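Quick one: the structure is below, and I'll ask about it shortly.
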Amino acid sequence: MVIKTIDAFTLKKMFLAGAKSIESKKEYINELNVFPVPDGDTGTNMTLTILSAAKEVSQMENPTIEGLAKAISSGSLRGARGNSGVILSQLFRGFTKEIRDYKEINVTIMANALQKAVETAYKAVMKPKEGTILTVARGGAEKAALLVTETDDLVYFGSEVIKYMEEVLAHTPELLPVLKEAGVVDSGGQGLLEIMKGAYDALLGKEVEFDSIPAPAKTSDIQINSDSLLTVDIKFGYCTEFIINLEKEFDMNTEMGFKEYLESIGDSLVVVSDDELVKVHVHTNDPGLALQRALTYGSLSRIKIDNMREEHNERLIKDAAKIAAKEAEEKKAKEEAESKIAPRKEVGFISVSIGDGINEIFKGLGVDYIISGGQTMNPSTEDMLTAIDHVNADTIFIFPNNSNIILAAEQAKTLTEDKQIVVIPSKTVPQGITAIINYVYDKSVEDNKSRMIEEMQKVKSGQITYAVRDTNIDGKEIKQGNIMGLDDKTILSVGSDVLETTFELIKNLVDDDSELISIYYGEEVSEDSANELSDMVSKEFPDLDVELNYGGQPIYYYVLSVE
C-alpha cells in the first residue's frame with residue numbers, strides 16, 4: 001500500500017483513532033509512573049486532554065484541514081490536564097499551525113509539522129527534561145526530517161517514524177535514572193506513541209468506532225454522555241436468544257450452515273454447541289425466521305427476545321430528562337452567580353485545593369475561588385479559565401499547589417486577555433497556604449510575587465499515602481499496600497503503619513532551623529488518631545510549634561509542612 005497524501009477526512013479518522021488508542025491504554029500508561037501513588041496521572045491526563053479535542057473533531061461532518069487544525073488546537077489547549085497533557089496540547093498546537101493552510105498533507109508537510117510540534121512544546125516548558133515525552137517527540141521529528149529525502153510514501157514514512165520513536169522510548173531509562181531504577185520507560189512518551197500508533201492504524205484503513213468517543217470528564221463531576229446513543233443506527237432491532245435441545249445430528253457442517261443462515265438475516269452472532277444443546281444469540285429484524293430454522297434441529301427453551309430500538313428510545317428519553325434537568329440546574333446556578341457578582345476589585349485569588357477542610361482554610365485566607373482537584377484529578381486549563389471568569393478583579397493570583405498543575409495554570413494565563421494573571425508556582429498545598437499568608441495588600445504585584453515565592457520555598461512539604469504497586473525508588477523496596485511518606489522530591493519513609501510512617505517522615509523533614517510543624521489530616525483519618533500523632537510530635541520536638549488541622553483530603557492520610 002502506498003499513500004502519498006492525507007485529506008481532511010483521513011486526518012479526522014487518524015486523530016480520533018489516536019484518541020481511542022490512548023484511551024484504551026490509559027491504565028497501562030498510569031502504571032508506568034515512577035511513584036506508585038494512587039493518583040489520576042499521565043495516562044488519565046493525556047487521555048482527557050486529547051478527548052477534549054476529539055469531542056469537537058468527531059462532530060465535524062464536512063471537515064477541512066483548517067477546521068480540524070482549529071478544533072484540535074483549541075480543544076486540547078483548553079482540556080489540557082497535568083504536565084503531560086499540557087505538553088501534548090502544545091505538540092498539537094505546533095503541529096496544527098504547520099498544516100492549517102493546506103488542503104492535503106504529504107510527507108514534507110508532515111515532517112515540517114512534526115518539527116514545529118516539537119519546537120512549540122519545548123518552548124512551553126521552562127526547563128525541558130530529557131528522557132520524557134519531549135525526547136520521544138523530538139526523536140520522531142528528527143527521523144521524519146531524514147525520511148523526507150528518501151520517500152514520498154506516508155505509509156513507509158509513518159512506519160519508520162514510529163519504529164524510531166519506539167527505540168527512543170526504550171532508551172529513556174538511560175536518560176532518567178529514576179526510570180531505570182523503577183524498571184519502566186517514560187509514561188508520557190508511551191502515551192504519545194500510543195496516539196501515533198492509533199493514527200497510523202487509521203491511515204492503513206483500520207476502522208474505529210468514532211461515535212463512541214467519550215466526553216472528557218470534568219473535575220467537579222461526570223457529565224451525562226448520550227452522544228453515542230443519539231448517533232446509533234440500529235440495523236437489526238431484536239436481540240434474540242434461545243437454546244436448542246438437540247433432537248437431530250448437529251455436526252460441524254450443520255453448524256456452519258446454521259451460522260451462515262443466521263448471518264444472512266442478522267448480526268452479532270454467537271452459536272455455542274455441545275452434544276445435547278446449542279446456545280444461540282443473534283440480532284435480527286425477524287426473530288421468527290431464526291426460531292423456525294432452529295426448530296428443525298430440536299425443541300427450543302429459554303427464548304428471550306428484546307426490542308433494542310424500544311430500549312434505545314427509553315434510554316434516550318431518560319437521558320434527555322437528566323440532561324434537561326442538569327441544564328436547568330446549571331442555568332439557575334449561573335444566573336444566581338451572575339446576580340451576586342462582586343464589584344470589580346484590584347486583586348483576586350484562585351487556589352487549587354484537595355479537601356473540604358483545606359478549602360475552608362483557603363477561604364479564610366481570602367481566596368475568591370477554589371478549584372477542586374489536586375492529586376486525584378488535575379484541573380484542566382478550561383477549569384482555570386472558568387475560575388478566572390468568576391473572579392472579578394484586575395489582577396488574579398493563581399496557586400496551583402501541585403507541580404503537575406502549574407503548566408495548565410500558565411496556559412490559562414496565556415489565554416486570558418482582559419485580566420493580569422500571576423501564577424505563583426506552588427507545588428504543594430502548604431506552599432500555597434504560606435504564599436497567601438505572605439501577601440501584603442499595599443505592595444506591588446511584582447513585590448508580592450517575589451515575596452510569596454521566596455517565603456513558600458522555605459516550606460518543606462510531606463504527604464502520606466499508600467503504594468498501588470511494587471517498585472524500587474532511591475534504594476527503597478516498596479510493596480503494594482505499603483504506607484509511604486513523600487517529600488517534594490522522593491520517598492523518605494516506608495512502613496506498614498500510617499502513624500509510625502508519618503512520624504518517621506516528620507523526623508526526616510525537621511532540621512535545626514525548623515520552627516513550625518503543620519499537620520493536615522485526611523478524610524480517612526480519625527480525629528483521635530490525628531491527636532495521637534500531634535502529641536507524639538510535640539513530645540519529640542518540644543521547642544517547635546505544632547498545629548493540627550482537619551484537611552479532609554482523599555487518598556493522602558496526612559499532608560504536612562515544616563517551616
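Can you tell me the length gained on complete extension of the stretch GLU61 to ASN549, counting 0.36 nm per residue apart and subtracting the Cα distance?
Working: separation 488, 0.36 × 488 = 175.68 nm, distance 5.38 nm.
Gain in length upon complete extension: 170.3 nm.
Would you mind counting up the charge near LYS4? Only other residues with Cβ under 13 Å from its Cβ, with Lys and Arg at +1 and Asp and Glu at -1.
-4
Give me the angle, in degrees from 0 to 90, between the Cα long axis of helix 445-456 and the longest principal axis of the Cα atoms of the chain, rounded to the nearest 10.
Here the helix axis deviates by roughly 90 degrees.
Determine which aspartates and glutamates satisfy two conditions relative to LYS123: a Cα distance under 14 Å, and not lying fewer than 8 residues away in the same chain.
The qualifying aspartates and glutamates are GLU410.
Calculate, in whole percent, how much of the Cα-Cα pair population of the chain lies beyond 42 Å.
I get 36 percent for the Cα pairs in the chain exceeding 42 Å.
Helix 8-31: angle to the longest alpha-carbon principal axis of the chain, degrees 0 to 90, nearest 10?
Between helix and principal axis, roughly 60 degrees.
Projected area of region 383-438, taken from the Cα convex hull and averaged over every viewing direction, in nm²?
One quarter of the hull surface, i.e. the mean projection, equals 3.7 nm².
Under the definition of Cα pairs under 8 Å and six or more residues apart, what whole-number percent is the relative contact order of the chain?
Worked out over the chain, it gives 13 percent.
Moving to a separate point now. Could you state the number of Å between the C-alpha centres of region 518-550 and region 449-501?
17
Normalise the Cα radius of gyration of region 1-128 by 2.2 N^0.38 Å (N = residues in it) and let me know the number.
Scaled against compact globular proteins, the figure is 1.08.
Kindly provide the helix-only [θ] at 222 nm of the chain, computed as the sum of -39,500 (n - 2.57) over DSSP H runs of four or more divided by all residues, to the nearest 500 deg cm²/dmol?
The per-residue figure over the chain is -16500 deg cm²/dmol.
Mind sorting SER74, SER21, SER84, SER301 by how few other Cβ atoms lie within 10 Å of their own Cβ, fewest first? Kindly include the intermediate steps, with their values, before the conclusion.
Numbers: SER74 18, SER21 24, SER84 29, SER301 10.
Taking fewest neighbouring Cβ atoms as first place, the list is SER301, SER74, SER21, SER84.
Can you give the angle from 0 to 90° between the axis of helix 65-79 and the longest principal axis of the chain, with both taken from C-alpha atoms, to the nearest 10?
50
Collect residues whose amide H, placed 1.01 Å from N in the peptide plane, falls under 5 Å from the amide H of GLY348; neighbours closer than 5 in sequence don't count.
THR395, ILE396, PHE397
Taking amide H positions as placed 1.01 Å from N in the peptide plane, with prolines and chain starts having none, which residues 5 or more places from SER493, or on another chain, fall under 5 Å of its amide H?
GLY485
Is there a pair in LYS70/LYS116; LYS180/LYS476; LYS20/LYS143 whose C-alpha atoms are over 20 Å apart, and which pairs would that be?
On the way: LYS70/LYS116 16 Å; LYS180/LYS476 14 Å; LYS20/LYS143 25 Å.
Exceeds cut-off: LYS20/LYS143.
Here's something else I'd like to know. Run through the DSSP bridge list for the chain and note the antiparallel percent, rounded to the nearest 5.
Taking every DSSP beta bridge with both residues in the chain, the antiparallel ones total about 70 percent.
Please give the FRET efficiency for VAL271 paired with LYS206, using the beta carbon to beta carbon distance and R0 = 30 Å, rounded to the nearest 0.05.
Efficiency computed from Cβ-Cβ geometry: 0.65.
Report the label-to-label distance for ASP152 and ILE305 in nanometres (one decimal), using points 7 Å from each Cα along the Cα→Cβ vector.
Here the answer is 5.9 nm between the modelled labels.
Put a dot 7 Å past each Cα toward the Cβ at MET256 and GLN480; how far apart are the dots in nm?
4.4
Need the full-extension length gain, ASP488 to ARG344, defined as separation in residues times 0.36 nm minus the C-alpha distance. One decimal, nm.
Fully extending the segment from ASP488 to ARG344 adds 48.2 nm.
Between SER264 and LEU295, how high is the FRET efficiency from 1/(1 + (r/R0)^6) when r is the Cβ-Cβ distance and R₀ = 25 Å? Nearest 0.05. Could the numbers behind the result be given before it?
Values: r = 18 Å, r/R0 = 0.70.
After rounding to 0.05, the efficiency reads 0.90.
When a/c reaches 1.5 or more, the comparison of a/b and b/c decides; with that in mind, is region 235-308 rounded, prolate or oblate per its Cα gyration tensor?
Since a/c reaches 1.5 and a/b is larger than b/c, the shape of region 235-308 is classed as prolate.
Need the full-extension length gain, LYS279 to SER450, defined as separation in residues times 0.36 nm minus the C-alpha distance. One decimal, nm.
Length gained, LYS279 through SER450: 54.3 nm.
On to the next question. Taking other Cβ within 10 Å of each residue's Cβ, how do ILE436, ILE265 sort, fewest first?
ILE265, ILE436
Taking a cut-off of 17 Å between Cα atoms, list the lysines near LYS419, but don't count ones fewer than 8 places away on the same chain.
List returned: LYS345, LYS449.
Let me ask another. With a 10 Å Cβ neighbour count serving as the proxy for reagent exposure, in which order, fewest first, do ILE519, ILE162 appear?
By the 10 Å Cβ count, ascending, the order reads ILE162, ILE519.
Same structure, new question: For region 1-72, compute Rg over Rh where Rg is the Cα radius of gyration and Rh is the Kirkwood radius from the inverse mean 1/r over Cα pairs.
Here the Rg-to-Rh quotient is 1.10.
FYI, it's all coordinate maths here, none of it is from the lab. Since this is a predicted model, take the numbers as computed values, not measurements. Backbone-built Cβ (ideal geometry, glycine too); neighbour counts: all protein chains shown.
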